[in-house]
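The values are calculated or read from the model by the stated rules, or taken from the named source; none is laboratory data. What you are looking at is a predicted structure, and each value in this text was computed from that prediction instead of being measured. Methodologically, a virtual Cβ is constructed for each residue, glycine included, from the backbone with ideal geometry; neighbour enumeration extends over all protein chains shown. Areas reflect the complete protein model, heavy atoms only, side chains present, ligands, DNA and RNA absent. Shrake-Rupley method; radii C 1.70, N 1.55, O 1.52, S 1.80 Å.
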Amino acid sequence: MEKLSWFLAGLGLGAVVGILYAPTSGEEAREAIRAKAGESRDYVMDRAQKAREQASDWVDRGRQVVNEQKQNFREAYETGRQAYQESSNPKTGTNA
């Protein structure tokens with residue numbers, strides 16, 4: 001993520017320098033800088049939103065896996081408890 005931010009910073013700086021040295025008037029250059037800054041801001045906001053959504057998906061999936069493991073543990077515990085009770089209770093052979 002850090003490399004991406006440095007790349008975007010370099011990209012923005014390069015765009016600004018390129019615009020400043022291009023043969024355009026000051027007003028045109030400022031407008032072009034504003035346009036590029038707006039595009040960059042929109043891009044970064046979009047990427048941040050996607051990152052938040054992906055992180056949320058990962059958290060939801062993690063919760064689901066934990067809940068599944070809890071359920072598996074409860075089932076295994078109950079099965080073991082029943083097996084222990086059956087093996088520790090003497091069988092009388094009569095139905096109560």
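I want to verify the translational diffusion coefficient of the stretch 15-92 in µm²/s; compute it with Stokes-Einstein, Rh as the Kirkwood radius over Cα pairs, at 37 °C and 0.692 mPa s. Don't skip to the end; give the middle numbers.
Details: Rh = 18.4 Å.
Result for D is 179 µm²/s.
In square angstrom, rounded to the nearest 10, how much accessible surface does LEU4 have for a 1.4 Å probe?
Ignoring ligands and nucleic acids, LEU4 comes out at about 60 Å².
On a 0 to 90° scale, report how tilted helix 26-88 is relative to the longest principal axis of the chain, with both axes built from alpha carbons and the result rounded to the nearest 10.
10
What number comes out for the charge environment of ARG52, summing +1 per Lys or Arg and -1 per Asp or Glu over other residues with Cβ under 13 Å away?
Details: positive: ARG47, LYS50; negative: ASP46, GLU53, ASP57, ASP60.
Once all neighbours under 13 Å are counted, the net charge is -2.
Per DSSP helix of 4 or more residues, -39500 (n - 2.57); summed, then divided by the residues of the chain. What does that give at 222 nm, rounded to the nearest 500?
Working: 2 runs with 83 residues, N = 96.
Rounded to the nearest 500, the figure is -32000 deg cm²/dmol.
Once you place label points 7 Å from the Cα toward the Cβ at LEU11 and ARG41, how far apart are they in nm?
Once both label points are built, they end up 1.8 nm from each other.
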